[in-house]
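Derivation of every value follows stated rules applied to the coordinates shown; laboratory data play no part. Small disclaimer: the values here were computed from a predicted structure and weren't measured. Note: ideal-geometry Cβ built from the backbone for every residue, glycine included; neighbour counts use all protein chains shown.
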Amino acid sequence: MPFARSRVLRYLLYGLSVAVILGLLSFSGMWSALGMVISFFLGLSVCYLYWYQGQRRVWPFAERVIDWDLVQKLSEDDSFA
């Protein structure tokens, strides 16, 4: 979970902004827009969690296969920039 821990502030800001939008929509009585925002947020969350779970499953294999010395060398080389 270091990936999630390193982005806690960003997630809190996203959650706060969604909460403000939901509050404004509910207080103004725009129920259909509120439903759309909630469904969009839930769908986005499901897609993100599915991606995160897939990354956790694939990472041990990718870590063994990737030549990290070559990655380091390429990242330091300015000819690709």
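When you scan the range 5-81 for helices (runs of 4 or more DSSP H) that lie fully inside it, which ones turn up with 2 or more residues that are free of Cβ contacts under 8 Å to residues at least 12 places away in the same chain, among the β-branched types (Val, Ile, Thr) and surrounded by 10 or more Cβ atoms within 10 Å (Cβ to Cβ)?
The helices (runs of 4 or more DSSP H) meeting that bar are 31-65.
Within the range 38-70, track down each residue that is aliphatic (A, V, I, L, M) and either under 30 Å from residue 16 (Cβ atoms) or over 24 Å from the mean Cα position of the chain (by Cα) (or both). Don't jump to the end; show me each part of the working.
First, pick out the residues of the range 38-70 that are aliphatic (A, V, I, L, M): 38, 42, 44, 46, 49, 58, 62, 65-66, 70.
Passing the criteria: 38, 42, 44, 46, 49, 65, 70.
I'm trying to understand the selection: among the residues of the range 9-26, which are aliphatic (A, V, I, L, M), within 18 Å of residue 39 (Cα to Cα) and under 17 Å from the mean Cα position of the chain (by Cα)? Spell out the reasoning first.
Taking the range 9-26 and keeping what is aliphatic (A, V, I, L, M), we get 9, 12-13, 16, 18-22, 24-25.
Checking which are within 18 Å of residue 39 (Cα to Cα) leaves us with 16, 18-22, 24-25.
16, 18 - these are the residues of the range 9-26 that are aliphatic (A, V, I, L, M), within 18 Å of residue 39 (Cα to Cα) and under 17 Å from the mean Cα position of the chain (by Cα).
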